[in-house]
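The values are calculated or read from the model by the stated rules, or taken from the named source; none is laboratory data. Nothing here was measured: the structure is a model prediction, and the numbers come from that model. A quick note on method: Cβ atoms are made from the backbone with ideal geometry, for glycine too, and the neighbour counts reach across all protein chains shown.
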Amino acid sequence: MPVQRAYTTRAVWRSRSYEACGPISVAEHAPAIPTEPAKVQQKDSAHQCGSRTGGWAGGAVILLSTLGALIPGWAWGQVPKSVHRLLGAPVRPAIRRLVKQMKPRPNLQVDAEARRLVLLYLRRGIRQPYTGEEITRLLQGRVVESRQTVTYGGPGRVRMEYISPPSMKGEILLVTGGRIYQYRPYRGEILDGVASYGELAERVKEIAEGLRSGRISARVVGDELVAGIWTTIVEIHSVRGNEWFLRFWIDPKTGVRLRFMRLDAQGRAVAETTFASITYLQAADPHLFSPASLPSVPHVPRLPNTPPLPTVEAAQAQVAYAIRVPVLPGGYHLSGVWVVPDPFGRKTTILRFTDGVNNLALFETPLPPGRGRATVAPRIRPRLGLAHWMAGGLAFTLIGHLEPVEYRQIADSLR
Amino acid sequence: MKRTMNCQRTQSLLSEYVNNTLPGYDAIGVQEHLDVCNECARVYHELRRTVDLLSRAPRYDVPDTFGAELWDRLQKVCPRRSLWARLGAFATAVWYIPRWSLGLAGAVLCVLVACYVGIPSADHSGPPSDAGVEAAMVRDAFRQNVAISAADPFGDLAAANLTAHASNSESDARPSVE
């Protein structure tokens, strides 16, 4: 393998610099025919090079420390200070250099390219109209798959028509004019709510700012052919580091995201959506984005009907119970509050939190009469990213991807 | 003991078997049955001989109107039965249904009616069960989550919707308690 050989060359070894390993390009070594995960190449080769050098240095430091520890304290005391200085002077800068090398240093070239691609997606990709067929899979446990045709008309204009599975066939999701409509043929109804364009614009701004400030990190990890188009694979992490993260397959020409994958902290794919075919359009057919294009069935206002409220206090004025705010893992902050009608005719409060990459939605609903004191321990379904529990007269439903212990900590903070 | 097809099923498939249009699995079943059942083997051989005779018979060209004329003649020979005649035939058929099966059907119907009338459903009697409340709330939460994910460029609307459907199908199963 060329990458492995490069590490062992004398020039690279002697230089002990990251730049020596830097020029190894993913494009040069990418296999001609893409395969699944094998093709995702680690582009942070500089880190590996550094860790090889650091490994020797670390070993030397450990050896010296062990020898030092074996020398009794009284013996150290006997050594004159001049000898201390004599020994310390050449050793200290060397140790400093070694520590610097051991510390994983981000490959700025790679990160800059990844940032550029994510910004391209946010600025150009989400403006590019297209039509195509997508496959969505939930990958943990029993695999569930759907196929849908998607017509994208620009920011806040999406139409999805489901082809399969049979239970979803004929369903239409339409986002247009700041609203979302979900036609459910098996119920003969359309759920109707707000999907504000302002919120989308705000989120784009927040992500771009996160990328600039380093709260969101991105790196290129390879490239792959998706729906006949070469894409660059970008991994996106939140400030929390090794938590759930995203992988985007971005067309570098248009910025369109052709494949999307959510992975857990161990790097296992949890859900993905990929295009089986796609055609870029000059402009999408406007008739497809008209609510009148949906079947003529009753509209049910069961989705959030207002843009998000900025604070919990604003929502508190609309509900008769005390809204509880959980203690969340570090890095999450409140990104929106809604008050919506619940299945039993009461009002549910939705608190949405984000760490820049992952979202958590906490639903707080007053319990039906006769169950006010019910307490139910958290039931966790990691596969669906769901935890549900009841405490203090409220039912809590948490949707978001966390480790089981984190669900429990959030539940404990609301008892 | 290996089970083979019964005579009724075998004879219903014989035409296709003779014409070699029967799918492989059924053809093997028919073959196995014919090996052990003399009666069906006799029917098979008669059918085979008839098909062979017909295939060797000379062919004649018929006029285009042949089909329509044949249908008219058949209508005259076997006139369409009146409603009363068909009801009479149905009553005759019912008369020949075994008495015990009618009794059993009546008993099942009585039990179903008693269950419906005597045991009120959860909707009629006070608050729903814990599992019902939980399932309804979870379903609703996932639905709302689809809507609030729609405006996130880092979100996946299709995956959110599929998760909502998956949660529906799994709502009957008890969730894992950890």
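Quick check, is A:TYR186 assigned to a loop (DSSP other than H, G, I, E, B), within 11 Å of another protein chain (Cβ to nearest Cβ) and among the aromatic types (Phe, Trp, Tyr)? Yes.
Restricting the range A:209-230 to residues that are among the β-branched types (Val, Ile, Thr) and closer than 12 Å to A:ALA114 by Cα leaves a set whose member that is modelled with the lowest pLDDT is A:ILE216.
Residues in the range A:245-260 that are assigned to a strand (DSSP E or B) and in contact with a Ser or Thr (Cβ under 8 Å, 6 or more places away or on another chain) were compared, and the one that is nearest to A:LEU120 (Cα to Cα) is A:ILE250.
Residues in the range A:156-196 that are touching a residue at least 40 places away in the same chain (Cβ under 8 Å) and surrounded by fewer than 18 Cβ atoms within 10 Å (Cβ to Cβ) were compared, and the one that is farthest from B:LEU162 (Cα to Cα) is A:GLY177.
Looking only at residues in the range B:158-168 that are more than 7 Å from every other protein chain (Cβ to nearest Cβ) and surrounded by fewer than 24 Cβ atoms within 10 Å (Cβ to Cβ), which one is nearest to A:THR136 (Cα to Cα)?
Here the answer is B:ALA164.
Checked against the criterion of being crowded, with 22+ Cβ neighbours inside 10 Å, more than 13 Å from chain B (Cβ to nearest Cβ) and within 17 Å of the chain's Cα centre (by Cα), the candidates A:ILE207, A:ILE233, A:ILE250 yield just one match: A:ILE233. When each of A:LEU303, A:LEU362, A:LEU386 is tested for being closer than 21 Å to B:SER167 by Cα and touching a residue at least 60 places away in the same chain (Cβ under 8 Å), the lone residue that passes is A:LEU303. Filtered by the rule that a residue be over 18 Å from B:ASN145 (Cα atoms) and not hydrophobic (A, V, I, L, M, F, W, C), the range A:303-321 gives A:THR311, A:GLU313, A:GLN316, A:GLN318, A:TYR321. A:ARG212 falls short of the stated requirement of being more than 10 Å from chain B (Cβ to nearest Cβ), surrounded by fewer than 20 Cβ atoms within 10 Å (Cβ to Cβ) and part of a loop (DSSP other than H, G, I, E, B).
What's the number of the only condition in (1) surrounded by 17 or more Cβ atoms within 10 Å (Cβ to Cβ); (2) away from chain B (no Cβ under 11 Å); (3) in contact with a strand residue (DSSP E or B) (Cβ under 6 Å, 6 or more places away or on another chain) that A:PRO304 fails to meet? If we test A:PRO304 against (1) surrounded by 17 or more Cβ atoms within 10 Å (Cβ to Cβ); (2) away from chain B (no Cβ under 11 Å); (3) in contact with a strand residue (DSSP E or B) (Cβ under 6 Å, 6 or more places away or on another chain), just (2) comes out false. Here the range B:116-128 is the region considered, the condition is being more than 30 Å from A:ARG381 (Cβ to Cβ) and loosely packed, with under 10 Cβ neighbours inside 10 Å, and the residue that is modelled with the lowest pLDDT is B:HIS124.
Give the residues of the range A:326-338 that are surrounded by 20 or more Cβ atoms within 10 Å (Cβ to Cβ) and in a strand (DSSP E or B), sorted by residue number. Passing the criteria: A:SER335, A:GLY336, A:VAL337, A:TRP338.
Condition first: charged (D, E, K, R) and either within 24 Å of A:PRO155 (Cβ to Cβ) or in contact with a strand residue (DSSP E or B) (Cβ under 9 Å, 6 or more places away or on another chain) (or both). Now tell me which residues in the range A:123-145 satisfy that.
A:ARG123, A:ARG124, A:ARG127, A:GLU133, A:GLU134, A:ARG137, A:GLU145
Identification of helices (runs of 4 or more DSSP H) wholly contained in the range B:1-66 with 2 or more residues that are acidic (Asp, Glu) and out of contact with any helix residue (DSSP H, G or I) (no Cβ under 7 Å at 6 or more places or on another chain) yields B:24-36, B:38-56. Comparison of B:ALA136, B:ALA131, B:ALA141 shows that the only residue that is at pLDDT 85 or above and closer than 25 Å to A:ARG142 by Cα is B:ALA141.
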